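Notes to accompany the following structure.
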C-alpha cells in the first residue's frame, strides 16, 4: 500500500464511523473489489488515462448512483476528481485493514480436502479464535488435491495439516 491510498482509506473510514455505516460500506467496497477482480473491462476503465473527468463520472453514475451507499458514491466521485481512481484497489485494501483492526477481526482461509459439516467448522473457528484472540472471518475452500486434512492461511502464514504435506514430508530423504 502507498501512503496515498492509506490516507484516502483512513478518511473514508473516519467518515464511515461518523455516519455509523461501517458494515454496509465495508460490504460495498468488498463488492466493488470483487467487480474489479472479475471484470477486466472495469479494471481498464479505472486505469485508463485517456478518459476525461466527465466520462469517468458518467460511467460511475451509471454503475453506482442509487445502488451503493451515498458516501461510497460520493467518495468514488471525489477520488475521480483527484485523479486517484487508478488506486481504488489499494484504497479498498487499506480500508479493509482498518476495518479488521477496528472490529478486532482477522481473515482466515481454510482449505479442506473434503466438505466440513457445521460442527467441524465451528470447532476449527473456535481454535483459531483461541489462538489469535480475535474474531475470525473465515472463508472455506474445498481443495481435493490435499487428499485429506486441511490447510489454514491466516495473517500471512500457512498452517498445513494436509495429508499431502505430511506425505511429502515423510517421503523426503533423511
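Every number here is computed from the coordinates shown, using simple stated rules; none is lab data. Note that this is a predicted model, so its numbers are computed, not measured. With ideal geometry, Cβ positions are generated from the backbone for all residues, glycine too; neighbour counts draw on all protein chains shown.
In the list 99, 73, which residue meets the criterion of being in contact with a strand residue (DSSP E or B) (Cβ under 9 Å, 6 or more places away or on another chain) and crowded, with 18+ Cβ neighbours inside 10 Å? Even if it seems obvious, please write down each step before you answer.
Numbers: 73 fails: in contact with a strand residue (DSSP E or B) (Cβ under 9 Å, 6 or more places away or on another chain).
Among 99, 73, only 99 is in contact with a strand residue (DSSP E or B) (Cβ under 9 Å, 6 or more places away or on another chain) and crowded, with 18+ Cβ neighbours inside 10 Å.
All of 59, 68 fail the test of being outside any helix (DSSP H, G or I), touching a residue at least 12 places away in the same chain (Cβ under 8 Å) and over 20 Å from residue 137 (Cβ atoms), apart from 68. So in region 127-168, with the set limited to residues that are free of Cβ contacts under 8 Å to residues at least 24 places away in the same chain and part of a loop (DSSP other than H, G, I, E, B), which one is nearest to residue 96 (Cα to Cα)? Ranking the qualifying residues of region 127-168, first place goes to 156. Scanning region 155-168 for residues that are in contact with a helix residue (DSSP H, G or I) (Cβ under 7 Å, 6 or more places away or on another chain) and closer than 13 Å to residue 110 by Cα turns up just one, 162. Out of curiosity, is residue 87 assigned to a helix (DSSP H, G or I), within 19 Å of the chain's Cα centre (by Cα) and touching a residue at least 12 places away in the same chain (Cβ under 8 Å)? Here the answer is yes, as residue 87 does meet what is asked. Could you check, for region 32-41, whether at least one of its residues is assigned to a helix (DSSP H, G or I), touching a residue at least 12 places away in the same chain (Cβ under 8 Å) and exposed (fewer than 13 other Cβ atoms within 10 Å of the Cβ)? No - not one qualifying residue is present in region 32-41. Picking from residues in region 107-126 that are in contact (Cβ under 8 Å) with a residue 24 or more places away in the chain and surrounded by fewer than 15 Cβ atoms within 10 Å (Cβ to Cβ), the one that is nearest to the chain's Cα centre (by Cα) is 107.
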